[in-house]
Each structure stands twice: as structure tokens, then as C-alpha cells.
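Right, one structure below, let's go through it.
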Amino acid sequence: IWAASFIVGCYSHNETTTQGWARSAMTDQIHIHLVSDATGETNHQIARACMVQFQGVRPTEHVWSLVRTSSHIEKILTAVEAYSGPVLFTLVDTELRRQLNEGCQRLKVPCVSVLDPVLDALGNYLGVESRGTPGRQHQMDAAYFKRIEAMDFTLIHDDGQLTNDLSE
């Protein structure tokens, strides 16, 4: 399963770069590819936080969620070739990361793992390695189901008609 959606925000890019990526002169549009092995929410929030720091260019975000296969990476790279622009990713699978990085190098576009610096710093500080499991922040545990139960209770009783079990 793959999805591409388009959202508009603010971003700019310069003519030169220290990484040797091909950059065009200032334009009013840029494509940015957000690749994730889970929902993509983290990647999207980081991209938006960064993009608002720049003015003059409107990005088109290509959001790729639930990326778990090599064939999915191939589809993404085809889109990156058609709509050239930076790739920001949150992938934990080493083979998919390698494939994406190599494809971006071939296409001469930046490819950035947005969580690596944070995970590395925390791992060094804590003296342990991260688990590398996609979507762990979205696990459905007992606390999640308790929150859902509370919302259900609220929705059932929000009109004041069912008051017999309000003491719960």
C-alpha cells in the first residue's frame, strides 16, 4: 500500500550546496518527499517545522506512508525522479534505508533521516540502542483503550439524556 498526498507550505532552496546536489535557481515551487514506515506524522511535523523557516517558495509534499517493501521504495524513487526534490525519511529497516539513500544519490537529491541525530544522541546518553520498530508511539495498549472508553462514555452522555450511569 502506498499513498501520495499533496500539502502546501513554505520552503526555499539555494543555488549552491555543500553536498553537491543539483539545485536550480530560486523558484516559487519545490517538491519534497516524506517517506515513513509508519503513519508519517512525525516526518510531516518535522518537515513543516523546518519549512516555515523559509519564505518565497511553496512546497508540494509527497507523503509516502507505511513503506515496508523494496518495491514501494522503487515507486517512491520513480516519483522522486519525476518530481525532483529533497527526501526526508523515518525508516528503520536497514535495507530499505540503503535502497532509498542509493537511489537518491543516483538522482542527485538530498536524502535525510530526520530521526538519526536524535536517536544517536539519546542512545549515547542512555548507553543503549534504540529498538528500531516502526510506529511504536502508536501502539494500542491498555492506556489507549482506556482513553477510547472514556471518549465513548462522553459521547454517549454528552446530550444529558442518559444520566442513570453518570456515577461511573
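The values are calculated or read from the model by the stated rules, or taken from the named source; none is laboratory data. Computed from a prediction, not measured in an experiment: that's the story for all the values here. With ligands, DNA and RNA removed, areas are computed over all heavy atoms of the protein, side chains included. Shrake-Rupley method; radii C 1.70, N 1.55, O 1.52, S 1.80 Å.
Computed over the alpha-carbon atoms, the stretch 64-133 gives an Rg to Rh ratio of 1.02, Rh here being the Kirkwood radius from the mean inverse distance. Computed on protein heavy atoms with a 1.4 Å probe, the accessible areas place 50, 111 in the order 50, 111, largest first.
A 1.4 Å probe over all protein chains sorts 32, 156 by accessible area into 156, 32, starting with the largest.
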